[in-house]
Amino acid sequence: MQWWCSAQGVPWSWSWQAYPGVWLFIILIAVGYSKLLRTNPARPGEESSRRRRIASFVSGLVLLWLSLDWPIGALGAGYLASAHMAQFLNMGLIVPPLLLYGIPAEAFTPIGRRPALTTTLRFLTNPIIALVIFNAVIIVTHTPHVADSLMATQLGSFLIDLAWIVSALIFWWPVIAPIPERPWMHPLLKVGYIAAQLILGKPIFVYLTFAEYPVYAVYELAPRVNGIAAISDQQTAGLMMEVVGAFILFAATTIVFLHWARREARDDGKV
Amino acid sequence: MHTTGMKKFVTLALTLAVIAGAAGWGCDRNDADSAASRVRESGFRGITLDRPTPKVDFTLDDTDGRPFHFMAETEGYITLLFFGYTHCPDVCPVHMANLAAVLKDLPWEVRSRIKVVFVSTDPARDTPARIRQWLDAFDPSFIGLAGTRAEVDRIMVSFGLPTAQIQGGNGTDYIVGHASQILAFGTDNVARLAYPFGTRQADWAHDLPRLARQGPDLRITKAVIAAPAGGGEVAALYLEIANHGATDDELLGVASSSAKRAELHRQVDHGGITTMEEIESLAIPAGGTVHMHPGGHHVMLLGIEHPLNPGETVPLELRFRHAGTRNYYATVVGYAELERALESTTPHAVHGGH
C-alpha cells in the first residue's frame, strides 16, 4: 500500500491504485473548509457571493485531488515529466487562486488578532518576497538532484507537492487579496506582477526543452509509458510550462484587468 | 499559545524537509561522487571490470536465421553486448532506448565503429521475428541473436555472467532474471567496462566517443591506381593510410569489384635483382602513416576485367585486423601523373562509407 505517489520503478499499469494519503489530505482540507464556513456564516445579502466562493474552493479542491491522485499523481511522480508538469501547472497556477478566492474574507479576521501571524503573513505575501519564494521553490524542486532524490520516496514526493501548494498560495495571495481591507496592490501592478512570473518561468522552460539529454534520472530510467521517449517527454514538459503556463498567467492578467476596468466603470457610474 | 503552535508546526515542517532533503542529497551525491571518481580513475563513466573479459568466439543465429560469428563479425568494432529479453518490463527496454537515443546523435565516424549485439535470454518466447521487431523499435542496426537456453547459458558463463533464471508466472507469463549490464568490448576484443542498469544517456554520450577513439583511427588519405599500359589485366594500387589512434593495426587484405583478386606486395632486392613478393599483412603503427609507392609496398590488382582509364574511380574494400572493413574509392591515373599524384597533398580517395 502506498500512501502518496512516488517513483516505484515498476512498469506502468493503467490498473487503478489507491493512495489513501492523498484522500486524507483532501478530506482534511475539506473538513477545515467546512468548519470555516460554519464558523463564518454568510451575512444577509451575501448568499450569492458565498455560493460563488464555495464553488471556487470546491473546484480548486477537486483539481488538487485530480493532480495528486492516480493516474496523474502516479504518472508525474515516477514516469512522465510531462505529467509532473501538468501537476505543477495545476497545483501552482490554477488551484491556489481558486482556493484563496473560495475562502470567505471573514475567515481571515482571527489572523488580524495575532500580531506575529499578521507580521509573518505580511512579510511572506509581500509581492517581491512572494515572487522570490515561489520561484525559489520552482527552481529547487526542478533541480535534478533534488527531484530525483525526493521523488524516490513518498515523504519526499509529498514534500514537493506541499512546497508547490504552499509557495503558490503565497504567490497568488497578493493577486487575490483575500483580505478586502488590505488591497495589497493596484490592479495594474497585479498585472505586472503576474507578467513578471511569465519571464521568471523561462529558465526552467529553456532548461527542460533544450537539454541535450534527459535531466531527471527518475523519468529517464523509468519503464516507458506507451513508448514515449524520455527526451520527447521532457521537451513536452518544457513546452507545457511555456505555452500552458503562459496561457494561464495571461488569462489571470486578463481577469484582473477586466475586473478592475469593470469596477472603475462602475465607480464612474457608467455601468 | 497560538504562536507556540505555529512555531511547533514550522519546526516540524523544517525538520521533515531537512531530513528528507539530507537523505536524498546524500544518496544522490554518493552516486555522483562515485561516478566522478570513476571518471577520474579510468576516464570513463562505465564500471571498470575487476578482470578484463576477452571476447568469446560463439555462433548464434541472427534475426534473419543466418549464423552470426560473434568474434569475426564484430572484429574491429566497439562491441556492446547485452543479454536480455523482449518481454522484459523494465531494464532491457530502458537500456536499449537510452543507448539508441545516444547512438543516433553520434557523429557517423564514431557511430559506424560501434556494433550493438543483443542476445535473448528467453528462447521460449523470443522468436527471431519478435526480436527483430523489438530491436527495430530502438535501432534497426542492433543485432539480435537467439540460441537454445543451454547455448546462451554457456555463453553467459564464459563472459563471467550469471545464467538467466525464470522467475514466477505460469505458462508464457513469467519474467527472466538476467545480468543487467552491457559489456563494452574495445577493438582489441577485450571488455574492460560494463554499463549497469542506471547508466544515463549523458554517460553513454560521454563514454562512447572515447571508446571509439581508443582503437586504431584509420584514415585513407590517398588511394591511387596506376592505369595499366595497353589495357592490361594487372595494375598497382598505392595507398596512404594514417593511424591517428592509440592502437597498432594491420592491413590484411584488399578487394575490388574491378579485379578478380588483390595481393599485398613488397619489393625486395636479392643481390641486385629486384623482385616482388606477396605479404600477409602490412603493419600500420599507432600514430604513424604508411605511404605505399613504386619500389616499395603496394597492392597488385589482378584479373582486371575492364580497361581502367585515367580519371575513373574504382571501389575498394580494405580489411584491417582491428578497424574491420572500410570501403573507399581509388582514382586511376596515368603513369605520367603517378609520381605527382602520390606526392600531392590532395587525397585521391573518396570516402565511400562502410
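The values are calculated or read from the model by the stated rules, or taken from the named source; none is laboratory data. The model shown is predicted, which means the values in this text are computed figures rather than measured ones. Note that we place each Cβ from the backbone using ideal geometry, even for glycine, and neighbour counts take in every protein chain shown. When the accessible area is computed, the model is the full protein with side chains, heavy atoms only, and any ligands, DNA or RNA have been set aside. Shrake-Rupley method; radii C 1.70, N 1.55, O 1.52, S 1.80 Å.
Quick one: in the range A:118-132, which of the residues that are more than 14 Å from every other protein chain (Cβ to nearest Cβ) and among the hydrophobic types (A, V, I, L, M, F, W, C) is farthest from residue A:46 (Cα to Cα)?
A:132
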Test set (1) away from chain B (no Cβ under 14 Å); (2) open to solvent by 40 Å² or more (accessible area, probe 1.4 Å); (3) not in a helix (DSSP H, G or I) - residue A:18 fails condition number: (2)
Per-region count, the range B:195-243, residues part of a loop (DSSP other than H, G, I, E, B), closer than 20 Å to residue B:329 by Cα and of a type in the set (D, E, K, R): 2
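Each row is one residue, and each column tells you yes or no for (1) within 14 Å of another protein chain (Cβ to nearest Cβ); (2) surrounded by fewer than 19 Cβ atoms within 10 Å (Cβ to Cβ).
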site: A:218; (1), (2): yes, no
site: A:228; (1), (2): yes, yes
site: A:233; (1), (2): yes, no
site: A:246; (1), (2): no, yes
site: A:250; (1), (2): no, yes
site: A:253; (1), (2): no, no
site: A:260; (1), (2): no, yes
site: A:263; (1), (2): no, yes
Matching entry among A:193, A:213 (being open to solvent by less than 80 Å² (accessible area, probe 1.4 Å), within 14 Å of another protein chain (Cβ to nearest Cβ) and either assigned to a helix (DSSP H, G or I) or of a type outside the set (Asp, Glu) (or both)): A:213
Number of the exception - residue B:68 against (1) crowded, with 16+ Cβ neighbours inside 10 Å; (2) within 23 Å of residue B:177 (Cα to Cα): (2)
Test: residue in the range A:155-165 that is open to solvent by less than 50 Å² (accessible area, probe 1.4 Å), touching a residue at least 60 places away in the same chain (Cβ under 8 Å) and among the β-branched types (Val, Ile, Thr): yes
Odd one out for residue B:269, checked against (1) open to solvent by 40 Å² or more (accessible area, probe 1.4 Å); (2) under 30 Å from residue A:219 (Cβ atoms): (2)
Residue within the range B:70-92 that is assigned to a helix (DSSP H, G or I), within 14 Å of another protein chain (Cβ to nearest Cβ) and under 25 Å from residue A:221 (Cβ atoms) present: yes
Which listed residue, of A:237, A:222, is within 14 Å of chain B (Cβ to nearest Cβ) and closer than 23 Å to residue A:150 by Cα: A:222
Filter result for residue A:184 (open to solvent by less than 60 Å² (accessible area, probe 1.4 Å), more than 19 Å from residue A:87 (Cβ to Cβ), away from chain B (no Cβ under 14 Å) and not in a helix (DSSP H, G or I)): yes
Positions within the range B:216-247 being under 19 Å from residue B:106 (Cα atoms) and either within 14 Å of chain A (Cβ to nearest Cβ) or buried (at least 23 other Cβ atoms within 10 Å of the Cβ) (or both), in sequence order: B:216
Matching residues, the range B:272-290, being open to solvent by 60 Å² or more (accessible area, probe 1.4 Å) and small (Gly, Ala, Ser): B:272, B:283, B:287
Criterion: closer than 25 Å to residue A:196 by Cβ and either within 14 Å of chain B (Cβ to nearest Cβ) or open to solvent by 10 Å² or more (accessible area, probe 1.4 Å) (or both) - qualifying residue of A:115, A:144, A:97: A:97
Breaking point among (1) farther than 30 Å from residue B:73 by Cβ; (2) surrounded by fewer than 13 Cβ atoms within 10 Å (Cβ to Cβ), for residue B:294: (2)
Residue ID - most open to solvent (accessible area, probe 1.4 Å), chosen from residues in the range B:152-189 that are of a type in the set (Asp, Glu) and touching a Ser or Thr at 6+ places or on another chain (Cβ under 9 Å): B:188
Breaking point among (1) within 14 Å of chain A (Cβ to nearest Cβ); (2) open to solvent by 20 Å² or more (accessible area, probe 1.4 Å), for residue B:201: (2)
